[in-house]
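K.L.:
My questions all concern the structure below.
The values are calculated or read from the model by the stated rules, or taken from the named source; none is laboratory data. On a predicted model such as this, the values are computed, not experimentally measured, just so you know. For neighbour counting, all protein chains shown are included, and Cβ atoms are generated from backbone atoms with ideal geometry for every residue, glycine included. Note: accessible area is taken over every heavy atom of the protein model, side chains too, but ligands, DNA and RNA are not part of it. Shrake-Rupley method; radii C 1.70, N 1.55, O 1.52, S 1.80 Å.
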Amino acid sequence: KRPRRQRPTLVTAKRCATANHIMKAASLPRCVCAWVLLIVALATTDWTNAQDAGIDVSVVHKAGNDNSTIALESFTNASSVTNTTNKSSPQQAKKNRQFFLFRIFRRDKHKRIDESTKNGKCVKDHTTSFTLKMNEKLEEARRMFLDRMAAVSFTLINQEKDAAMMNNGTFFQEVDGNDADITPQSDLTLPNRSIYVVTTAALPWRTGTAVNPLLRAAYLTRRTRDINKEQGKQCNAVGHDSSISNVTGTKPKKQYVTLVIPWLELEEDRLELYPNHKFDTPEQQETYIREWLRNDAHMEEEANPDHGLRILFYPARYHSGLKSIFAMGDMVAVLTNQTADEDDLSDAVCILEEPEHLNWYRAPGDGWTKVFNYVIGIVHTNYVEYASTQFHGLWTAPAIQVMSSAMIRAYCHKVIKLSGVLQTYAVEKESVDNVHGVREDFIREGRRRAGVSLNQTNITTASLDEEAEGQVYYIGKILWAKGFEQMLELQEFYNECTGKYFAIDVYGGGPEEEEIKRAFHGRRGNSKSHKGEKVSDLEELLSREYIKKKLHSIKTSSLEFEMPKSFHELRRKPIPANFLGPVDHALLGEKYKVFVNPSISEVLCTTTFEALAMGKFAIVPIHESNEFFMKFPNCLGYRNKWEFAAALRWALTHEPEPLTPDLAQEFTWEAATDRLIQSSAISRREAQERALLGTKKLDERIAAFHYELGKGTKGDTLRKFLGGGPISNQFRYELAKQGLDTEGSENEGLTRKLSESSFVRAIKTSFSGSTTYDLFSAPAAT
């Protein structure tokens, strides 16, 4: 048998140009397209017309024992390629037309074999020399080709990397400076720069996401005003016009910080959340917030509506099942429309309070990072921990974890976690720091207690009454997730050690308040008895009204019976706990000295921070959520029940340490603003490391995927499936807001002519259960 004949390989310049055009239009990565299209171009070359055209051909041949051989050389006379007629025999033409796919990998089967064993024929010497020369040329061409392809692939991959962020969305600029320098986009201390604080709640709802963002925006207003005043002084010192900013080249604005809060459109939502206040318009609620800021926070200048804090509202609704407020419509579009004539958002900073909460059910629209120059996310709540405590937490907790990570990665440049107990969202964007503070009322109470303790030096341990009531308290939401199960266990252990429970006053409210009351008091404490009723008159005893009343009481008592939610309800000896309802924590300054909070589901407990600021003992578990508090001397941490009992006994028999000026400064919102500015800054080195990671493409793809999922009626259906409830129909809400027919959303995917046809209308009415049109109606029966 003769050795198998090798076919030459030909790639013309025309086919290379076509491959390059297809490669640019392909959606695959460029380096992959380059390899695939090169193979297709080589494999589809017309071998028959190559020699007639007079084109140099690069021969692909195996060299030695190499398993892969590729050769690519430059070609000439490309313009002279014409379709010539093959004048060979039909058999030869048939063989030439056979498509032989270009072989990239194959084994070397053409070893030199003695032709004497093959039909007694010998190989000529010139054939062997020709094969060796061709192998040498092929090896050289193969190496050159692989080097060129490696260089091209390296260049294409580098183009996919996430480079800097200049004014169009980059963090790094090729300017002189140190690696520790802060990039201009992440520097909150630049003059004449607007800051928007967007949150998920508003006063008078007393929750952390309503109070803390309001105070943060107010103190940022004070800080930006001081920065711009200093900038004006520097401009006057050098002889420049102070009315023009030397950073942005624009005139200074009256208001630099804007607080963006929800406005509940439905009256029933406002009555449920604000039962003691009636707001008919957003202006009335804004007036209440400014009064609170002026009277309770003592920030007169920041509460001024003309040159103080600016307040904007976005439409929202209350989800009673999730106990949360969610936006209706596109929030970014609302901000863009309301600030179009006053501010340029492309150079503004946006602070998202609870960014995962703001974007879970948001309406499709432009992303935060596309509109704002720099977006900071501050995570308040550990939703994964809350979900894991429910019966459905086995599947909802991982889902919430993935969704929260995706929302934060897609819509934030920087993420600040209040404590390390939170999950990992985006490693390259995260920082852990407490950027909260407390009001001046709490610090004033701490200073008062410090002055009293310094004046009274004759207090001894024996003079303190351990059994005195009204010393221990808790304030916060009354939920099982807030650590009440652990508090009951600590009560039982303290009873075993001392023979009695410790008295505690509980302030707050919540949907599980009745269950927790029964757990502390037992079912007997809440039971009602009807044995004391007496009836003297026989007629009254036999009257219809009396019998009806007794039957109703028996029926009501039977319906009120519920199965115990926990074994603590079966206790015979009640725990001395008083549930006193919601109250402002600042009003409890002088009444108690020990604050107990056994919760480990908190991210950073604000009430613990406030109790320490007032100079009280705070007994909390040693946990990541309480790591910031451990540096204060009045914070008593415990790892087990024994340490809790010892810490409580110590607190009841001793006085707290006086609050020093340095410690008092740690609680202020001025210090919290400094921590916010420091944590949100991105250095040049960090920007370069982000560029090398190349995660910007991933963030953009997540945002695009989220946008596509939320579009149209399918987005409303998906939100409803994921538990959106009253805020599911975002698309229909946008259509109704624009004055369009909401039924038009049903025609999505249909042309206007087809959607208005009688056929489509008849199908819709038949599915809706209404009467069909006369065109399809059957004749009346005779």
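K.L.:
On the protein heavy atoms, probe 1.4 angstrom, tell me the percent of accessible surface of the stretch 589-692 carried by carbon and sulfur. Write out the running numbers ahead of the final one.
P.N.:
Details: 2120 of 4060 Å².
In the stretch 589-692, the share of accessible area belonging to carbon and sulfur is 52 percent.
K.L.:
Further, regarding this structure: Longer than 21 Å from Cα to Cα, which of LYS417/LYS482; LYS591/LYS631; LYS482/LYS641; LYS414/LYS720; LYS429/LYS696 are they? Say none if no pair is.
P.N.:
LYS591/LYS631; LYS414/LYS720
K.L.:
What are the ³J(HN,Hα) values, in whole Hz, obtained from phi via the Karplus relation 6.51 cos²θ - 1.76 cosθ + 1.60 with θ = phi - 60°, for each residue of the stretch 624-638 in sequence order, with x given for Gly and Pro?
P.N.:
Whole-Hz 3J(HN,Hα) from phi for the stretch 624-638: 4, 5, 10, 5, 5, 7, 5, 7, 8, x, 8, 8, 9, x, 9.
K.L.:
Counting only the heavy atoms of the protein chains, how much of TYR318 is accessible to a 1.4 Å probe, in Å² to the nearest 10?
P.N.:
20
K.L.:
Taking all protein chains in place and a 1.4 Å probe, what share, in percent, of the accessible surface of the stretch 373-421 do carbon and sulfur account for?
P.N.:
So the carbon and sulfur contribution to the accessible surface is 66 percent.
K.L.:
Another question, then. Just the accessible area per residue of the stretch 263-331, please: how many Å² with a 1.4 Å probe? Mind dumping the intermediate values first?
P.N.:
Values: 3200 Å² over 69 residues.
With the other protein chains kept in place, the stretch 263-331 gives 46 Å² per residue.
K.L.:
Where only protein heavy atoms count, and the probe is 1.4 Å, what is the accessible area per residue for the stretch 607-709 in Å²?
P.N.:
Accessible area per residue, the stretch 607-709: 46 Å².
K.L.:
When the solvent-accessible surface of protein heavy atoms is calculated with a 1.4 angstrom probe, in what order do ILE727, ILE227 fall, highest first?
P.N.:
The most accessible residue leads, giving ILE227, ILE727.
K.L.:
Name the residue farthest towards the positive end of the dipole of the stretch 265-325 from the options SER324, LEU293, THR281, assuming +1 on Cβ of Lys and Arg, -1 on Cβ of Asp and Glu, about the Cα centre.
P.N.:
Highest projection toward the positive end goes to SER324.
K.L.:
Using a 1.4 Å probe and counting only protein heavy atoms, arrange TRP395, TRP360, TRP292 so the residue with the most accessible area comes first.
P.N.:
On the way: TRP395 160, TRP360 45, TRP292 10 Å².
I get TRP395, TRP360, TRP292, largest accessible area first.
K.L.:
Turning to a different aspect of this structure: Long-range amide H contacts for ILE182: which residues qualify at under 5 Å (H placed 1.01 Å from N, peptide plane, sequence gap of 5 or more or a different chain)?
P.N.:
none
K.L.:
Of the accessible area of the stretch 290-333, with the probe set at 1.4 angstrom, what percent is carbon plus sulfur?
P.N.:
47
K.L.:
May I ask for the distance between the Cα centers of the stretch 360-437 and the stretch 674-739, given as a whole number of Å?
P.N.:
11
K.L.:
Would you tell me the accessible area of GLU265, worked out with a 1.4 angstrom probe on the heavy atoms of the protein chains, in Å² to the nearest 10?
P.N.:
Solvent-accessible area, nearest 10 Å²: 70 Å².
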